[in-house]
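Below you'll find the structure, written out as structure tokens, and then a few comments.
The values are calculated or read from the model by the stated rules, or taken from the named source; none is laboratory data. Since the model is a prediction, treat every value here as computed from it, not as a measurement. The protein model used for the area step is the full one, side chains on, heavy atoms only, and it has no ligands, DNA or RNA in it. Shrake-Rupley method; radii C 1.70, N 1.55, O 1.52, S 1.80 Å.
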Amino acid sequence: MIRCFARAPFIDTVHFASPPSITISASHSPATSSSSVSASRREISLSIIAVASSIISSGYFSSPARAEFSEIPNSGGVKSLDLRIGDGEVPIEGDQVAIHYYGRLAAKQGWRFDSTYDHKDSSGDSVPFTFILGSTNVIPGIETAVRSMKVGGIRRVVIPPSQGYQNTSQEPLPPNFFDRQRLFTTIFNPTRLANGEGSTLGTLVFDIELVSTRRPNR
């Protein structure tokens, strides 16, 4: 049996609450030595980094209602926020599930690298992404999110690198070659990974709508 729900409108932008105002000032006279100027610049840079870290950790990058994300148990750090609770079935291992999604990078100002609503069939209808739950062909963070959803539900998930793309063959894959190239050259950038930026580069944000679930014996 397949239960399907009509698409609910997504908000395709990430809304930010206004962070506290930040004022950083530094003054020095023309006679100030170059070493003093360098020290002042270092202090300013460290202040900016500290303030930015404080803004991120305090939850300013959240939904308009300032709702709280919660970590899904035994998920490896996947955090979720239910935008709509479904009233259909909960999928189980081995089910064929169909989802619509918006996929974004936490880096690159939240660049949206793919959306199933842009995948059209010959009649112009959006084609959902389908996969077998538990097949391991899909990035773990999406499987984790879908396992506890009900059909008709919409969930926003923040997926850490360990639960995201580990290689370039894991699904879902943007159908556009240039989008795929940009996605993977960002996530697997060797220079930035060597600089310890992996936790930023590989973090994903997905809005997922569970459209249907089907048991193999039905």
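Per-structure values
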item	result
Compactness relative to 2.2 N^0.38 Å, alpha carbon Rg of the stretch 77-218	1.05
Accessible area of F178 in the full protein assembly, 1.4 Å probe (Å², nearest 10)	140
With all protein chains modelled, accessible area of D121 [1.4 Å, Å²]	60
Column: log10 I(q)/I(0), Debye, Cα scatterers of the stretch 98-137, q = 0.16 Å⁻¹	-0.53
